1. Round to a whole number: what % of the accessible area of region 44-87 belongs to carbon and sulfur, probe 1.4 Å?
2. Report in % the part of the accessible area of region 273-330 that belongs to carbon and sulfur, leaving out ligands and nucleic acids; probe 1.4 Å.
3. Can you pull the accessible area of residue 237 for me, 1.4 Å probe, Å² to the nearest 10?
4. Between residue 128 and residue 311, how high is the FRET efficiency from 1/(1 + (r/R0)^6) when r is the Cβ-Cβ distance and R₀ = 30 Å? Nearest 0.05.
5. Can you give the extra length, in nm with one decimal, that the chain gains between residue 18 and residue 282 once fully stretched, where that is 0.36 nm per residue apart less the Cα-Cα distance?
6. Heavy atoms of the protein only, probe of 1.4 Å, neighbouring chains included. What is the accessible area of residue 444 in Å², nearest 10?
7. With all protein chains present, how much of the accessible area of region 369-421 (probe radius 1.4 Å) comes from carbon and sulfur, to the nearest whole percent?
8. Which value, in Å² rounded to 10, gives the accessible area of residue 489 with a 1.4 Å probe and all protein chains present?
Amino acid sequence: MDRSLRKKVLAVYATVLLMGVVLSTLIYVQGQSALGVTMLLIDQDQPALEQLSAFKIAVVAEEPILYAYYATADRRTFQQRYQANRQDVEDGLRFVRARFPRSVQLAAIEEKDELVQNLTGQLDETLRAESIDWDKARLLLAVISRQALEINENIDFLIRSIQQGVFARGWEAENAIRVIVMLVAAFSAVLFLVAVFVGYYVNAYIAEARARRKLALFPERNPSPVLRLSLDGQIDYANPGTADMLKTIGAAPSAPNSLLPTDLPHRLTVLAASGKEHDHFEYVIAGRTLRCEFHLLKDFDAAHVYLTDITQRKQAEQQLEYQAFHDPLTDLENRRMFQQRLQEAMSQAADKNQVGVLLLNLDRFRPIIESLGHTMGDAVLQVVADRLSQRLVQDKDAAAAATLYRFEGDLFAILISPMNAPDAPSRLADGIMAAMRTPLHVETREFFLSFSIGAAVYPQDGTDVVTLLKNVDSALHRVKQRGGNGVQCYDRDMNAQSLQRLELENYLRHAGEHNELEVFYQPQVGLTSGCIIGMEALLRWRHPTRGLLAPGEFIPMAEESSLIIPIGEWVLRTACAQARTWQDAGFDDLTVAVNVSARQFKSGNLPLLVRQTLKETGLAPAHLELEITESVAMYDVTATIATLNELKQIGVHLSIDDFGTGYSSMSYLKRFPINKLKIDQSFVRDMATDAEDAAIASAVVSLGHSLKLKVIAEGVETRAQRTLLAACQCDEAQGYLFSRPLPAEDFSRLLHSRRCLAHDAAA
C-alpha cells in the first residue's frame, strides 16, 4: 500500500475509528439511557406496584375481618387478625409516605385510615357492650366500607400514576433503541459484529423490561380475581386469583368468563359513553355474591376488572338483620318487628278490618328464676312460647290471622290482623287462659303458670302505635293489680284513673316538704292488765284537696315509685322522737312499733338507719319495735336472717306482721331472731262467728308461745273477740275496741286520762 493510500487508509481507518469511537460513545450513551429506563422499571416501578397492590389487599382484608367479628362476636380472634392485618396497612402507609410524600392522595389516605381506625374502635366498643346496639354496629360497618373503598380509590390513583410513568419511560426506551438501530445500521459495515452484539444485548433487556412492565400492570399476588378485558368483553389476562375463584364455584379453570356477569360488555359501553372511568356493582354466581369493580383504560382500549367474594359479608348482614328482628331464645319475632307489623296492619286496615293486640305477662315467673336459676327460666319461656304457638294454630276460629311475638323477659304479644270477629281478642285470650291450665313439663319439673292479659283493638282503643300499646299496657296493668290470671280489655276510664294516679303521685312527692304527712298512733294493750304498753305508728296524709288519706290509698303507690324510702325514714324518725317525748313525760315503759316496708328492708342500709335514728332521737333500742310482714321476711330467707340478726344486735324488738297470710316455713321461722307475732286482722274479724278463724288464731298463739314469742292480735273491735283472745292466752291486742289511731296530741291526752283501757273495753 502506497503512502498516499496508506494515508487514505489510515485516514479512513482513523475516520472509521473516530466514527467508531463517536458512534460507540453515542451508542453507549443511548444504551445507558435505555438501560437506565429499563432498570428503573425493574428496581423501582415494579416493586412500587407490588407494594401498592399489597397495601390495597390489606385495606380490602379489613372488611371481612370486621364482618367476621360482627357475626361471631369473637373479640380475641378479631384482635389477632386485625392487628396482623393492621401491620400490613401500616407498611403500605409508610411506603406511600416515602414514595409520594406531598401528594393529595397520601393526605386523603391518612385521613380515611385514621377515620377507619376510630370507627373500628367504636365498633369494638359497641360489640363489647352489655346490650349490643345492632343498628349502630351495622351503620359503623357501612361507613367503614365506604371509607375503605375511598382509600382503595386513592391507592388506585397512585397505581395509575406509576403505570403512566411506566408507559412514558417505555416509549423513551423504545426511542433510544431506534436511535441505536439507526447508528448501528450506518456503521454496520465497520462494526458489524459489535452492532450485532449490542443489538442482541439491548433487545434482550428490552424484552425483559416489557415482560416486567406487564407484570407490574397486573397484581399477580392479589388473592381475588383481577382481569384485563378489551372493551368488547374479551379477557386478555387473568391473575392466579381467578383460578382460585373458578375452583371455588366449581367452574373450569379455562373459563374465566364464567366469573363475569353476562351484561358486562354493555356496562363497559355505557361507562365509556358516560365519560366516567370506573364503576362497581354486585351480583350472584353459583351461590356466591361477588362485587365487580371495573376501571376503563381509554388509552389502551381496555378495562381492568377486580372481583371480590363478599358472600360472608352478605351472610353476616343477613344474620345481623335477623337478630335485630328476632328473639334469640324463642326464635319468635321481637318487639321491633311487632311494632313494624302493627304499623303496617294499621295502615292497611279498613274500618271493617280492625286490628287486635294482646299483651301477655306470665304470673309468678320471678320465683322460678330466684329458686331454680335463669337456665330453668329460659327453658320455661321456651315451653311457654311453644304452648302459645300451638294454641294460635288450634284457635283459628277465634283469630284466623294471629302472630306471636316475644318482647323481653316474660312479656309476650299477639297481633291479630285482620280480625274475623269483634270479640276475637277476648276469645283468643280465653283460649290461652284455658290452655295454660294444663301444667307445663320442663325437664323433670311440673309448673302451673298463668297469664295476665291485656287486650286492645284498633282503631277504637288507639289510632297510632304508641297510643294503642300504651292502652293495652294499661289493661295489662289492671289485671296485675287484681292479682293476675285474668283478661282485661282496654277501657277509656283506665286513662282517667292512670292520670289521677299520676297526679296523686306528683302530690305525694311534695307532701313531705309541705308538711302534709302525719303519724297517728294506735294503742297496744296488754290483755291481762288492760293497760297501754305501747303504740303502733301509722302514717296518714292530709291531702290538700282530698282530706285525710289512709295508708292503703297511697302506700302501694309509694312502694312502686320508691318514695317509700324517704317516707319510711321520716316515719321512723318522727315515731322515735315522739316516743322519747312521752318517755320524758313519765311514760317510760312504752314501746313504739314502726312498720318497715319491703323496699326499706331490702335496701341493705336499714340497720345503719336505725342506729342513726336512735342516736339522734335518744330513744333506747329496747323501746323500738320494727314490724316486718311475713311475705317480706320469706322473700329471701338468707338475707332476711342476716338483716334481722344485725337489727337484733342493736337491741330493737322485732315482730312478724300479718302472720298467717304468707307462706312461712316453720324451719325458717324458728331461725328468725324475732320477739313477737302479730295475728292478721282477717282471722280476728270473724273469730267470734267462724270456728275456723278462731282455731287459726288460737294456733298462732300456741305456735308463738312454743317458740317463746309474744303474740299480739290486730283489728280487735268487739268484746267477744277480746274474750276469745284472752281465753287462748294471747298477750296483746290493738283495735277500735280500745281506740282508733290518734294524732300525737290526742294520744297524749289518752295516756294522761286513761292509761288502762280494760274497763272501757269491757263496758
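The values are calculated or read from the model by the stated rules, or taken from the named source; none is laboratory data. Small disclaimer: the values here were computed from a predicted structure and weren't measured. Cβ atoms come from the backbone with ideal geometry, glycine included; neighbour counts cover every protein chain shown. Calculation scope for accessible area: heavy atoms of the full protein, side chains included, ligands and nucleic acids excluded. Shrake-Rupley method; radii C 1.70, N 1.55, O 1.52, S 1.80 Å.
1. Details: 1000 of 1960 Å².
The C+S portion of the solvent-accessible surface of region 44-87 is 51 percent.
2. On the way: 1340 of 3010 Å².
Ligands and nucleic acids excluded, carbon and sulfur reach 45 percent.
3. The accessible area of residue 237 comes to roughly 50 Å².
4. On the way: r = 27 Å, r/R0 = 0.89.
That pair, residue 128 with residue 311, gives E of 0.65.
5. Details: separation 264, 0.36 × 264 = 95.04 nm, distance 6.75 nm.
Net length gain for the segment: 88.3 nm.
6. Approximately 140 Å² for this residue.
7. Details: 1080 of 2240 Å².
Ligands and nucleic acids excluded, carbon and sulfur reach 48 percent.
8. 60 Å²
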